[in-house]
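Asker: Before I ask anything, let me first share the structure, which is written out below as structure tokens.
Just so it is clear, none of the values below were taken in a lab; they were calculated from the coordinates. Just so it is clear, the model here is predicted, and its values are computed rather than measured. Note that we place each Cβ from the backbone using ideal geometry, even for glycine, and neighbour counts take in every protein chain shown.
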Amino acid sequence: MSTTAEPTAAETVDPARTVRNQAPPLQPVNFFDADLALQEALKREGAGWAEQRAREIGGAAGSVEAREHSVRAERNEPRLVTHDRWGNRVDQVELDPSWHALLRGGIERGLAGLPWREPQPGAHVLRAAMFGLWSNANGGVMCPISMTYAVVPALRDGAPALAAQWEERLTRPDYDGGALAGMAMTERQGGSDVRANITTATPAGGDEYELHGHKWFCSYPPCDVFLVLAQAPAGISCFLVERGPGMEFQRLKDKLGTRSLPSSEVEFRGIRGRLVGTEGGGVKAIIRMVNHTRLDCMIGSTSSIRRGTVEAIHHARHRSAFGALLVDQPAMTNVLADLALESEAATAVTLRIARAYDEDDAAFRRFATATMKYYVCKRSSPHANEALECLGGNGFVEDSGLPLLYRDAPLMSIWEGSGNVAALDVLRALGKEPEGLPAFLAECALASGADARFDAHLRLATEQAQALFDRSDTRDLAVRAAEGQYLARRIVEDLAVALQASLLLRFAPPAVADAFCAARLGGGGGRAYGTLPLGVDARAIVDRALPA
């Protein structure tokens, strides 16, 4: 039906002042109540006992107040103050009060420490759901929350004494009385190749070292402690550094997105650090933190995909063109349904992997995190682009919120290993942790027999992955390795889609599972969103994605 109404007398007199055919504000909205796939996954993966906590944070994230805080935090960007008026180094960052309000909201709801402070079945699943919901408030504040959450297992494994000293504060749901953790790994000459770092760590007695050097990326400068990689006598090592004199912030990054978040360059000039793990074991020590932040990258991208879907459907339900609502027009229905499919698949797989953290399922967790971090994060940027396009010119202006979503989307694909790094890490896991692939494939195979397209895809993906380490292949190892790297992204992509399809076939409504298999596995879909084949129930998918 059309929303067009007869103009009033005032509008006839001055139509230039008339505002018509515009979608109403999305907020206030409860992002949890509006997300059936998330509600179902929360229960299915073992956190149904805490549904009310997810509902509360979903309402807070979708409030008018949260949106206003986000707008102000993005508009009033951080400012680095290196010296006071007398010339003393202070190395402080000035942040808008709205930034503090948003970060406080996440910390005091337990997003930085819930699974560690309240260990019970489903705690990681609940925290994943809540983390994704609060990401709707502002993406920038999720970075210090994520790093603080992720540092705890690294300290527990590599420095029990430091864990005993810091864990209570790091996990405390108290913005003023707790502590935040950051990380400083990459340098300008190394990037992802952290073994190329040239920051030095000189033994200073006991477990303390004196650090000299720089880091090209260090987030977030106001943190209380940081995990830092540096070259010790035995090689690259990991250290816990407390912010203070000798840690000098040089400038804040002028970034594409998450502009509310201050990311910095830092110089270490004799600051002390305490060893985490063993000398020379820095990568091993910090990988525990990285695995958890990779999970959060996946959650963040899932939240971005979900938000784009919601914004697009909300707009299409209220905007008319050519005599009909956009949502009722077949071309737009196809696009919206395709966006919704991506969202439900990301939601299902993200909470399933979060359950692996609850269950300490190391084999599946490690392999699935690397695989799905690559794929889900890769999907968020084109998804944000398509969602913005659904709003047309309205989506291209800042007030819509879609430009912010679009700018922020690439971050999760870059953070903790960009595309090639993530894909090659999956191959590395195939070789060094051979139990990972069988555990992953076993989870996929739980849907065997449900759909012929899925069975064929899983069979091919399994053959491709296993062929990389086929002992009967007598070709030169260097040639085989190069071929594996060349094909890495495609192999990881096929594995990722297999896991998503398996979950949807087992747990999603038939309309969702059938459309996903048709578009992602059966060759019936195209290369852009909005190319679902005939025969799928696109309208049912849209209505499920955002209940009216």
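Asker: What does DSSP give for the chain in terms of the percent of beta bridges that are antiparallel, rounded to the nearest 5?
Answerer: DSSP beta bridges in the chain are roughly 90 percent antiparallel.
Asker: Which whole-percent values make up P(r) of the chain when all C-alpha to C-alpha distances are grouped in 20 Å steps starting at zero?
Answerer: For the chain, the pair-distance distribution reads 21, 53, 23, 3, 0.
Asker: May I ask you to evaluate 6.51 cos²θ - 1.76 cosθ + 1.60, the Karplus curve with θ = phi - 60°, for each residue of the range 345-358 and list the ³J(HN,Hα) values in order in whole Hz, giving x for glycine and proline?
Answerer: 3J(HN,Hα) across the range 345-358, in whole Hz: 5, 5, 4, 4, 6, 5, 6, 5, 5, 4, 4, 4, 6, 5.
Asker: Considering only DSSP states other than H, G, I, E and B, which trypsin sites (Lys or Arg not before Pro) in the range 113-209 qualify as loop sites with at most 13 other Cβ atoms within 10 Å?
Answerer: Filter output for the range 113-209: Arg188.
Asker: Under the rule of -39500 (n - 2.57) per DSSP H run of 4 or more residues, summed and divided by the residues of the chain, what mean residue ellipticity at 222 nm is obtained, to the nearest 500 deg cm²/dmol?
Answerer: Result for the chain, helices only: -16500 deg cm²/dmol.
Asker: Each residue of the range 259-268 in turn: what ³J(HN,Hα) in whole Hz from Karplus with 6.51, -1.76, 1.60 and θ = phi - 60°, glycine and Pro shown as x?
Answerer: Per residue, the Karplus-derived 3J(HN,Hα) values read 6, 6, 8, x, 10, 9, 9, 9, 10, 9 Hz.
Asker: Which of Phe226, Gly244, Thr293 sits farthest toward the positive end of the charge dipole of the range 206-297, with +1 on the Cβ of Lys and Arg and -1 on the Cβ of Asp and Glu?
Answerer: In the range 206-297, that residue is Thr293.
Asker: On a straight-distance basis, which aspartates and glutamates could pair with Lys253 in a cross-link, Cα separation under 16 angstrom, same-chain partners fewer than 8 positions away excluded?
Answerer: Hits, sequence-local ones excluded: Glu74, Glu77, Asp91, Glu94, Glu187, Glu265, Glu267, Asp408.
Asker: If packing is taken as the average number of other Cβ atoms within 10 Å across a peptide's residues, how do 354-364, 404-414 rank, most packed first?
Answerer: The packing order, highest mean first, is 404-414, 354-364.
Asker: Then there's this: Would you list His292, His383 from fewest to most Cβ contacts within 10 Å?
Answerer: Result, fewest neighbours first: His292, His383.
Asker: Moving to a separate point now. I'd like the projected area of the range 1-139, averaged over all directions, using the convex hull of its alpha carbons. Report it in nm² with one decimal.
Answerer: Orientation-averaged projected area of the Cα hull: 14.5 nm².
Asker: Past 25 Å, Cα to Cα: identify those pairs from Lys255/Lys373; Lys43/Lys284; Lys255/Lys378; Lys215/Lys255; Lys255/Lys284, in the order given.
Answerer: Check vs 25 Å cut-off fails for Lys43/Lys284; Lys255/Lys284.
Asker: Tell me which residues come under 5 Å, amide H to amide H, from Ile271 once H is placed; ignore anything under 5 positions away on its chain.
Answerer: Leu211
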